[in-house]
Amino acid sequence: MNNSETNIDSKHITTKVLYSMKQKGEKITMLTAYDYLTAKFLDQAGVEIILVGDSLSNVIQGNETTLPVTLNEMIYHTKIVQKAVKNALVVSDMTFMSYQVGTKEAIENCGRVMKETGCNALKLEGGHFIAETIRRIVEIGIPIMGHLGLTPQSINKFGSYKTRGVDKEEAEQIFSDALLLEKSGCFAIVLEKIPSKLAQKVTKALKIPTIGIGAGKHCDGQVLVTHDMLGMIEEFHPRFVRRYMNLAKDIRNAFKRYIKDVKSNSFPTDEESY
Ligand code: KIV
């Protein structure tokens with residue numbers, strides 16, 4: 001088997017690398033990508049983990065929640081992301097209802113995503129109710145990233161995108177779920193929108209890295225939705241999103257300038273023609 005077939009040897013970031021980064025106190029970076037070019041830029045920039053998040057349901061498909069995106073659509077996007085990546089670890093989100101019904105179906109669906117996309121790991125949302133399924137999936141050789149706190153696939157149960165783990169009971173549940181996910185074999189856990197103090201307690205208690213989004217500075221790593229941090233989504237600006245660009249404005253301006261140039265006959269010039 002050659003390297004171009006497996007793409008394993010040419011990759012530098014593995015779950016083991018992430019584990020040792022935590023031990024050394026090196027912060028881990030993770031950002032989302034749903035397409036080839038974005039994945040290429042992220043990989044070239046040196047991000048350790050590229051997540052093909054089911055947030056593509058919101059960002060790319062314009063849905064209100066992450067529930068409608070299908071496994072086939074995730075496979076399509078993960079394949080094209082994977083093609084662009086040489087160094088980062090590519091993680092693909094398992095979709096709503098692709099792993100919750102039963103362990104057998106979860107294993108089959110996870111296996112299918114790994115086989116058809118060539119990605120390196122999968123992310124599943126949830127704690128105790130999914131722990132045994134995760135244990136079985138990891139046992140057969142599929143690395144799993146957990147996801148606790150605000151788990152968007154459960155938005156209809158939560159009823160809002162408010163911070164989770166604020167009250168004592170939910171905080172204790174998140175803490176014990178994190179311990180259980182580590183025991184079940186997860187190589188990392190995303191902590192979404194929970195109090196910084198709770199994320200600190202979880203991070204301290206675990207040997208595997210925590211990756212925070214709206215969970216404060218004590219996590220071992222941070223993740224953002226790339227389109228949010230580039231300022232492409234103007235309607236959504238929670239305080240945990242730091243914007244590094246105002247791309248929505250820049251893109252609109254570029255389109256407006258193009259329209260103006262065409263209408264005024266200043267594009268194309270002779271130099272831009274054959
Ligand atoms: O789908 C996604 O983009 C995610 C991140 C927000 C962690 O799950």
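The values are calculated or read from the model by the stated rules, or taken from the named source; none is laboratory data. Since the model is a prediction, treat every value here as computed from it, not as a measurement. Cβ placement follows ideal geometry from the backbone for every residue including glycine, while neighbour counts extend to all protein chains displayed. Side chains are part of the model used for accessible areas, which takes the heavy atoms of the whole protein and leaves out ligands, DNA and RNA. Shrake-Rupley method; radii C 1.70, N 1.55, O 1.52, S 1.80 Å.
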- request: Using label points projected 7 Å from each Cα along Cα→Cβ, tell me how many nm separate A248 and F236, to one decimal.
  value: 1.1 nm
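For the range 51-124, what does the convex hull of the Cα positions come to per residue, in cubic angstrom? Write out the running numbers ahead of the final one.
Working: hull volume 5.6 nm³, N = 74.
So the per-residue hull volume is 75 Å³.
Ignoring ligands, DNA and RNA, what percent of the 1.4 Å accessible area of the range 3-246 is carbon and sulfur?
On the way: 6330 of 11680 Å².
In the range 3-246, the share of accessible area belonging to carbon and sulfur is 54 percent.
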query: How far apart, in nm, are two points set 7 Å out from the Cα along the Cα-to-Cβ line at Y274 and at K260?
result: 3.0 nm
query: Which of G149, A215, A106 sits closest to the plus end of the dipole of the range 3-246, meaning its Cα is farthest towards the positive end, when Lys and Arg get +1 and Asp and Glu get -1 on the C-beta?
result: A215
query: What's the extension gain from A205 to T103 if we count 0.36 nm per residue and subtract their Cα-Cα distance?
result: 34.0 nm
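Over the range 3-246, what relative contact order in percent results from Cα pairs under 8 Å that are six or more residues apart?
Values: 479 pairs, mean separation 42.1, N = 244.
Once normalised by length, the contact order is 17 percent.
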field: Residue-by-residue Karplus 3J(HN,Hα) for the range 230-235, coefficients 6.51, -1.76, 1.60, Hz, glycine and proline x
entry: 8, x, 8, 10, 6, 6
- prompt: Measuring from the lowest to the highest alpha carbon on each principal axis, how far does the range 102-179 reach, largest first, in angstroms?
  reply: 40, 23, 21
- prompt: When the distances between all Cα atoms of the range 1-146 are binned every 5 Å from zero, what whole-number percent does each bin get?
  reply: 2, 10, 19, 22, 21, 16, 8, 2, 0
- prompt: Semi-axes, largest first, in whole Å: what does sqrt of 5 times each Cα gyration tensor eigenvalue give for the chain?
  reply: 34, 23, 18
- line: From DSSP H assignment alone, runs of 4+ in the chain each adding -39500 (n - 2.57), the sum over residues rounded to the nearest 500 puts [θ] at 222 nm at -13000 deg cm²/dmol
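In debye, nearest 20, what is the charge dipole magnitude of the chain about its Cα centre with +1 on Lys and Arg Cβ and -1 on Asp and Glu Cβ, if you could check?
Values: 35 positive and 32 negative charges, 156 e Å.
The calculation lands at about 740 debye.
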- prompt: So which residue, out of L56, L198, L230, gets the largest mean-square fluctuation from a GNM of the chain using Cα contacts under 10 Å as springs?
  reply: L230
message: If you take every residue apart from T210 with its C-beta less than 12 Å away from the C-beta of T210, what net charge results, scoring Lys and Arg +1 and Asp and Glu -1?
response: +3
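Are there any trypsin sites (Lys or Arg not before Pro) in the range 223-274 that are in a DSSP loop and have at most 12 other Cβ atoms within 10 Å? List them by number. Could the numbers behind the result be given before it?
Numbers: sites: R239, R242, R243, K249, R252, K256, R257, K260, K263; in loops: R239, R242, R243.
Here the trypsin sites (Lys or Arg not before Pro) that fit, given the DSSP loop and packing criteria, are R239, R242.
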- line: Taking every alpha carbon pair in the range 227-274 and sorting the distances into 10 angstrom bins from 0 up to the bin holding the longest one, the percent per bin comes out as 25, 32, 21, 17, 5, 0
